[in-house]
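Below: one structure, written as structure tokens.
The values are calculated or read from the model by the stated rules, or taken from the named source; none is laboratory data. Predicted, not measured: the structure shown is a model, and the values here were computed from it. Glycine also receives a Cβ, built like all others from the backbone with ideal geometry; neighbour counts cover every protein chain displayed. In case anyone asks, the SASA skips ligands and DNA or RNA and just uses the protein heavy atoms, side chains included. Shrake-Rupley method; radii C 1.70, N 1.55, O 1.52, S 1.80 Å.
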Amino acid sequence: MMIKMENVDKYFGSLQVLNKINLEVEQGEVVCIIGPSGSGKSTLLRCLNHLEHITNGKVFIEDKLLDERVHNKQLAKKTNKEIIQICISLGMVFQRFNLFPHMTALENIIEAPMSVKNVPKEEAIKIGEELLVKVGLSSKRDEYPSRLSGGQQQRVAIARALAMQPDIMLFDEPTSALDPELVGEVLEVMKRLATDGMTMIVVTHEMGFAREVGDRVIFMDNGEILEEGTPEEIFSNPKHDRTRAFLQKVL
Amino acid sequence: MDLQKLLTYVPALIDGCKITVMLTVISVSVGMILGLFLALGRISKNIFIDGLCKVYIFVFRGSPLMMQIFFIYYALPLIYPAMNISDKFTAACIALSLNSAAYLAEIIRAAIQSIDKGQFEAAKALGMNYSLTMRRVVIPQSYRRLIPPVGNEFIAVIKDTALVSAIGLTDLMRITNQIQVRNGDPWIYVPSLVIYLLLTTIFTFVFDKLEKKYSIYE
């Protein structure tokens, strides 16, 4: 199992944002999480790579225990180093790209392989250039992020995450900050990634993408997983009233 | 005003000016390094380290610089004979460095904390630990934001160095005073003032250039 969450709760102060989440993701699966704003989709994703800490429950990454807590008390004591070791198999793409503005596209991509994995510079550059080809941006190799469009920045961000050779890619609303005409190029790259067999969890408002690329669609509301199934089941035959109401609004 | 006579003072003023510039450059440089550590201490989650740095900044920012200079040069050797700093220049450097470190620490802390939280998250998601994140991602980005306030600090320190004349160090201020007392020429302040203004102009110019240079990625 690539990812497993067991009875995960998450509170921000007294506000509960995740409620008894149970989730399993298998190798090569593309899971799309949909739902209204504030339903806990992003938080769920961020709990997987320890950007947020769960309050209760267990999180496993590739069968390794990442975190286990009861009332915010950590049962499995892990050092920062161990956590980094486990989370390194997860790549993450953010809504707001978060590229490093003082580095060119290529430098953004080769930074972590070089500084974290000690990959020699020439090799890192070679990998970086291949990844730029993969996302269709080899001509932007030496441009700073400020000179790139949103769609180009997001594709560099995807390449940057891939440079660490993750087994699982997490996408946190990767197209929500983009102008409508730039959404397609990013989705195209993600689609190719899915075809190549990458395990992906995608929080998205792009229903077309979820339907076409997702193996499984999860509908979340109020911090709960209300319904999950194949895209066909969720989009054509939603069982839950709230799923139906949500889909009616967005489709 | 006797221009001919004033010009004869210029070599002596230039000598004093050298001391002023050296004091400024050394103090701000040492102050930057010390200030960086103080800033990292201030944003650290360890309340003991944070507290210690807070107290340091509180003391050095909250008391007169002249008192700090006097304390290091006159009082410290009496309290701890081992701390006898007989060289006036060294004593002045230490006092000015410790003092500017307190101001620079707050400047650096503000610059670091102005970096978008997303940068820390992106670095963490790529497997970078705290020290790598700081060294490779956050601190390089804060350079550009640091340049204008550090330029300001430089100009402030140039003027602050005039206080070291009080312990008898022959900086530009003291030489000006000596000439005035010896020759009774009230116009000596004019060339001295011009030199101070020239110094601030040069530093302003250098920092403007630096700011442009580091703006390439914006």
(request) Give the longest segment of chain A that steers clear of trypsin sites (Lys or Arg not before Pro) in DSSP loops with at most 13 neighbouring Cβ atoms within 10 Å, not counting the sites themselves. (result) A:78-238
(message) Students often get this wrong: which residues of the stretch A:35-51 have the backbone nitrogen under 19 Å from the point 7 angstrom along Cα-to-C-beta of residue A:250?
(response) A:35-47
(request) Can you tell me the 0 to 90 degree angle between the C-alpha axis of helix B:47-62 and the longest principal axis of chain B, rounded to 10? (result) 20 degrees
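Is the stretch A:129-205 rounded, prolate or oblate when judged by the Cα gyration tensor, a ≥ b ≥ c being the square roots of its eigenvalues, rounded requiring a/c under 1.5 and prolate requiring a/b larger than b/c?
Values: a/c = 1.80, a/b = 1.15, b/c = 1.57.
Cα axes put the stretch A:129-205 in the oblate bin.
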(message) Compute the angle between helix A:105-117 and the longest alpha-carbon principal axis of chain A, please, reported from 0 to 90 degrees and rounded to the nearest 10.
(response) 70 degrees
(request) Give me the distance in nm between label points sitting 7 Å out from Cα along the Cα-to-Cβ direction at residue A:71 and residue B:74, one decimal. (result) 6.1 nm
(request) Just check chain B against the gyration tensor rule for me: Cα atoms, a ≥ b ≥ c as the square roots of the eigenvalues, rounded for a/c under 1.5, and otherwise prolate or oblate depending on whether a/b exceeds b/c. (result) oblate
(request) Among DSSP beta bridges whose residues both lie in the protein assembly as shown, state the antiparallel percentage, nearest 5. (result) 60 percent
(request) Assuming R0 = 51 Å, can you tell me the calculated FRET efficiency for the pair residue A:7 and residue B:216, based on Cβ-Cβ distance, to the nearest 0.05? (result) 0.50
(message) Run the Debye formula on the Cα coordinates of the stretch B:1-117, all scatterers equal and no solvent, and tell me log10 I(q)/I(0) at q = 0.11, 0.15, 0.19 1/Å.
(response) -0.50, -0.77, -1.02
(request) Round to a whole angstrom and tell me the spacing of the C-alpha centers of the stretch B:49-74 and the stretch A:34-91. (result) 44 Å
(request) Enter the mean projected area of the convex hull around the alpha-carbon atoms of the stretch B:110-189, in nm², rounded to one decimal. (result) 7.7 nm²
(request) Round to the nearest 10 and give me the degree value, 0 to 90, for the angle of helix A:180-195's Cα axis relative to the longest principal axis of chain A. (result) 90 degrees
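Given axes a ≥ b ≥ c from the Cα gyration tensor, I'd like to know whether the stretch A:1-67 is rounded (a/c under 1.5), prolate (a/b larger than b/c) or oblate.
oblate
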(request) Go from 0 up to the bin containing the longest alpha carbon distance in the stretch A:85-141, width 5 Å each, and give me the % of pairs per bin. (result) 4, 18, 24, 29, 20, 5, 1
(message) As a test of the definition: with a 1.4 Å probe, what buried accessible area, both sides summed, do you compute for A against B, in Å² to the nearest 100?
(response) 1900 Å²
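Looking at the stretch A:95-251, send over the antiparallel percent of its DSSP beta bridges, to the nearest 5.
Of those bridges, close to 50 percent are antiparallel.
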(request) Kindly provide log₁₀ I(q)/I(0) values, in the same order as q = 0.08, 0.11, 0.16, 0.20 Å⁻¹, from the Debye equation applied to equal alpha-carbon scatterers of the stretch A:108-251. (result) -0.27, -0.49, -0.89, -1.19
(message) Can you divide the C-alpha Rg of chain A by 2.2 N^0.38 Å and report the result to two decimal places?
(response) 1.01
(message) So, R0 is 30 Å and r is the distance between the beta-carbons of residue A:27 and residue A:181; what FRET efficiency does that work out to, to 0.05?
(response) 0.30
(message) Please compare each pair in A:81/A:126; A:58/B:45; A:81/A:121; A:117/B:124; A:10/A:73; B:18/B:88 to a cut-off of 18 Å on the Cα-Cα distance and tell me which ones are over it.
(response) A:81/A:126; A:58/B:45; A:81/A:121
(message) How large a share of the accessible area of the protein assembly as shown, in percent, is made up of carbon and sulfur atoms when the probe is 1.4 Å and the other protein chains stay in place?
(response) 58 percent
(request) Please calculate how many Å² of accessible area the stretch A:117-162 carries per residue, with a 1.4 Å probe and no DNA, RNA or ligand atoms counted. (result) 49 Å²
(request) Between residue A:64 and residue B:25, take the C-beta separation as r, use R0 = 45 Å, and let me know the FRET efficiency to the nearest 0.05. (result) 0.30
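For the protein assembly as shown, compute the orientation-averaged projected area of the C-alpha convex hull (one quarter of its surface), in nm².
Numbers: hull surface 119.0 nm².
Here the figure is 29.8 nm², rounded to one decimal.
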